[in-house]
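K.L.:
Let me give you the structure first, and then I'll get to my questions.
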Amino acid sequence: QVQLVESGGGLVQPGGSLRLSCAASGSILSIYTMGWYRQAPGKQRELVASIRSAGRTNYADSVKGRFTISRDNAKNTTYLQMNSLKPEDTAVYYCNALIATMTQLQGGNYWGKGTQVTVSS
């Protein structure tokens, strides 16, 4: 059993910052890619940023230069530092990870329940 638990969402004014965290727990052998997705009302879920186990990162064009993804492999945790937030960043942010377990050695795809980020004055 693997769980992803996000924290750090909330209400922030335009131009402000937030830091999201996502901790993975359970019968984990290895975590490959970790990432953050978001879904705004009426829109499809989209990739925000991802990071591989060796540290290679990937960002959506809309957040490049403003958001930074990182991970602490010892803690099975990924972070999303969000700066210069805009109203269009408002969405539910979901943590995603590809995790190897004894029953899924090549990795199973896991999701957190999401955390709300609202950017508004």
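K.L.:
Within the bounds of region 77-98, is there any residue that is surrounded by 16 or more Cβ atoms within 10 Å (Cβ to Cβ), more than 26 Å from Val2 (Cα to Cα) and among the acidic types (Asp, Glu)?
P.N.:
So far as region 77-98 goes, yes, one or more of its residues are surrounded by 16 or more Cβ atoms within 10 Å (Cβ to Cβ), more than 26 Å from Val2 (Cα to Cα) and among the acidic types (Asp, Glu).
K.L.:
Right, another one. What are the residue pairs meeting all of these: first residue in region 48-67, first residue under 15 Å from Glu88 (Cβ atoms), second residue open to solvent by 50 Å² or more (accessible area, probe 1.4 Å) and of a type in the set (Gly, Ala, Ser), Cβ atoms under 6 Å, and 6 or more apart or on different chains?
P.N.:
Arg66/Ser84
K.L.:
Looking at region 87-99, I want the residues that are within 27 Å of Ser27 (Cα to Cα) and have a partner that is open to solvent by less than 20 Å² (accessible area, probe 1.4 Å) and assigned to a loop (DSSP other than H, G, I, E, B) with Cβ atoms under 8 Å, at least 6 apart or on another chain. Which pairs are those?
P.N.:
Hits for this filter: Tyr94/Gly112; Cys95/Gly112; Asn96/Gly112.
K.L.:
Moving to a separate point now. Kindly evaluate Asp72 against the criterion of being exposed (fewer than 14 other Cβ atoms within 10 Å of the Cβ), touching a strand residue (DSSP E or B) at 6+ places or on another chain (Cβ under 8 Å) and free of Cβ contacts under 8 Å to residues at least 40 places away in the same chain.
P.N.:
Yes: the conditions hold for Asp72.
K.L.:
Which residues, taken from region 1-13, are surrounded by fewer than 16 Cβ atoms within 10 Å (Cβ to Cβ), modelled with pLDDT of 95 or more and touching a strand residue (DSSP E or B) at 6+ places or on another chain (Cβ under 6 Å)?
P.N.:
If the condition is that a residue be surrounded by fewer than 16 Cβ atoms within 10 Å (Cβ to Cβ), modelled with pLDDT of 95 or more and touching a strand residue (DSSP E or B) at 6+ places or on another chain (Cβ under 6 Å), then Gln3, Val5, Ser7, Leu11 are the ones that fit.
The values are calculated or read from the model by the stated rules, or taken from the named source; none is laboratory data. Since this is a predicted model, take the numbers as computed values, not measurements. Because the Cβ atoms are built from the backbone with ideal geometry, glycine has one as well, and the counts that use them run over all protein chains shown. Just the protein is used for accessible areas: all its heavy atoms, side chains included, with ligands, DNA and RNA removed. Shrake-Rupley method; radii C 1.70, N 1.55, O 1.52, S 1.80 Å.
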